[in-house]
Amino acid sequence: MIKLNTICCFLCLFMLTSCNSWLDLKPYGEVEQDKMFEDEQGFLQTLSGSYLLLTDPAAYGQELTIGFPEEIVHYWRKRSEFYEFDYTNVDVVSRLEATWLQMYKVIANTNLVLQNLEGRNPDDFDYYNLIKGEALGLRAYLHLELLSIYGPVLKDGGMDKKAIPYHEEFSNQTVKLMTATEVMNRIQRDLDSAYFLLADDPIKIYGRDESKDKKDYEKVTAPEVKGLAFSYRGCRMNYYAVCATLARFYMQKEDYEKTLKYANEVIVDGANIFSLVLRKDVSGSSKDVMFERELVWSLYDSETQEHLVNVVKGNDYSLDGDNKDYIYTDARSYGTNEDYRYNYWFEYSKGTPAFWYCCKYNRTYSSTDKSDQTPWRTIVPMIRLSELYYIAAEANLKINPAESYRLLNVVRKSRNISNLPTNIETNAEELRDQILYEYQKDFWGEGKLFYFYKRLFLDIKTREENIVASREIYELPIPQDEIEFGDNNN
């Protein structure tokens, strides 16, 4: 149960001298609502606080990137009882509860923004649609994530089972568990609203990076408001992030026509903003191992070094070199050690004991001067362009497998590996396996593979064995307090 005894928001301290503008987030303390929302800047600052909350280690700052979703699919050597799917273990229970609580804290923050927008005149805002669209899109995204983690397997009657609560108000009131169908209906409503509200998102014109130096965008009275709204749209729930979330959503519903509609908005319509990694990105001394040009939405986390980089260098996050070889070079996936991911995402520690670790979050800077270390260098990926290619490939399997084949090869080429053999060009079953293999290769350290396995209710493929899919593995328990205090025992 989410208890909101005080209004505690994380606000942005906007500094005109900082190249990071709204990204320089600090805890601002307890603030009364009427003061907090007396002007548009307060709305934007409160909304910006949601992104900071998401970088907490219990959420995407660590747990939902390199944490338990990765352990369940056996990316790492065993480091906790998640590896054995023992969800009654006290440490496992504690981690699941911490993630649940942190995600709903962020949802509460979005609800605080939306609640205070009610009854306000949109004409009093320069960016009313932007604020409301972001808040609705973020709320929907997080509920879809929670449903994917803690909800039932949706196949074979799962849509009618109790899943999670959908929080739509900033209050102390408990919300009963809803069925997956009820949750999905609310997600769709919020995403549809966000999609239309963000139709004129500045990202369409100015891209995802800093835009404060652009001379031709709309002038507003307060420069700090302009900076909060326009800067680094790629680090906010932008229009294309909503499209990508809609593609994920409709893939869950197996509505392939709509899946392709929204996936193609990112792949085709957003082609001038997002593209797959290029050879030049990984050559030279300053390698972009995150493939940043692909990121449709990412979080700026100033603590990436502490939350992720230093953590995966520890022995707890060591990985089996044979498992790395299996994923990237196995004959079944038509892999090769020429793959950029194989070559640039892992390093070997020669300590005692020696081990491999994932270095995807490492950064190489051209200068030690912090002014050169732009926000795009301390980021956590949320939605990657390659995922949209894989989603579109999957959506085409039944209607046009040759297009699935083409899409997979576009991504493979960007990773420096050859096309799939032509004899599987129209083999939908074989192509689906290849989509899985590319998910395995692409999302190490990003937490996304677990969702793919669960959605399709697939066996977990490892070097040693195939772990048979079961609801016991994929349906993670929600906190007991939520059941007891939320009157959800029946």
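The values are calculated or read from the model by the stated rules, or taken from the named source; none is laboratory data. Quick caveat, the model's predicted, so the values are computed rather than measured. Don't worry about glycine lacking a Cβ; one is built from the backbone with ideal geometry, like all the others, and counts go over all protein chains shown. Areas reflect the complete protein model, heavy atoms only, side chains present, ligands, DNA and RNA absent. Shrake-Rupley method; radii C 1.70, N 1.55, O 1.52, S 1.80 Å.
Ranked by accessible surface with a 1.4 Å probe, highest first, in what order do His143, His307 come? The partial results should precede the final answer.
Details: His143 0, His307 30 Å².
Of His143, His307, the descending order of accessible area is His307, His143.
Residue ranking by accessible heavy-atom surface, 1.4 Å probe, largest first, among Lys176, Lys360, Lys35 comes out as Lys35, Lys176, Lys360.
Take Asp124, Asp39 and sort them by solvent-accessible surface of the protein heavy atoms, 1.4 Å probe, largest at the top.
Details: Asp124 110, Asp39 65 Å².
From most exposed to least exposed: Asp124, Asp39.
So which GluC sites (Glu not before Pro) in the range 112-209 pass both tests, a DSSP loop state and at most 13 other Cβ atoms within 10 Å of the Cβ?
Working: sites: Glu118, Glu134, Glu145, Glu168, Glu169, Glu182; in loops: Glu118, Glu168, Glu169.
Here the sparse-neighbourhood loop sites are Glu118, Glu169.
Its Cα gyration tensor gives the chain an equivalent ellipsoid, and the semi-axes of that ellipsoid, as √(5λ) in whole Å with the largest first, are 33, 27, 23.
Highest average first, the peptides 314-323, 453-462 ordered by how many other beta carbon atoms sit within 10 Å of their residues are 453-462, 314-323. Protein heavy-atom surface of the range 263-374, 1.4 angstrom probe: 44% of the accessible area is carbon and sulfur, with nucleic acids and ligands not counted. Across the range 45-141, C-alpha contacts under 8 Å between residues 6 or more apart give a mean separation that, scaled by the residue count, equals a relative contact order of 30 percent. Computed over the chain, the per-residue total of -39500 (n - 2.57) for DSSP H runs of n ≥ 4 gives a 222 nm mean residue ellipticity of -12500 deg cm²/dmol, rounded to 500. Where q = 0.12, 0.18 Å⁻¹, what log10 of I(q)/I(0) comes from the Debye formula for the range 144-212, counting one point per Cα? Reported log10 I(q)/I(0), two decimals: -0.48, -0.77. Checking the cross-link pairs Lys204/Lys287; Lys161/Lys324; Lys162/Lys313; Lys253/Lys441; Lys105/Lys461; Lys155/Lys413 against a 30 Å limit on the alpha carbon distance flags Lys161/Lys324; Lys162/Lys313; Lys105/Lys461; Lys155/Lys413 as lying beyond it.
A 1.4 Å probe run over the chain, with the rest of the protein chains in place, finds 41 Å² accessible per residue. Less than 5 angstrom separates the built amide H of Met382 from those of Trp297, Ser298, Leu299, all sequence-distant by 5 or more or on a different chain.
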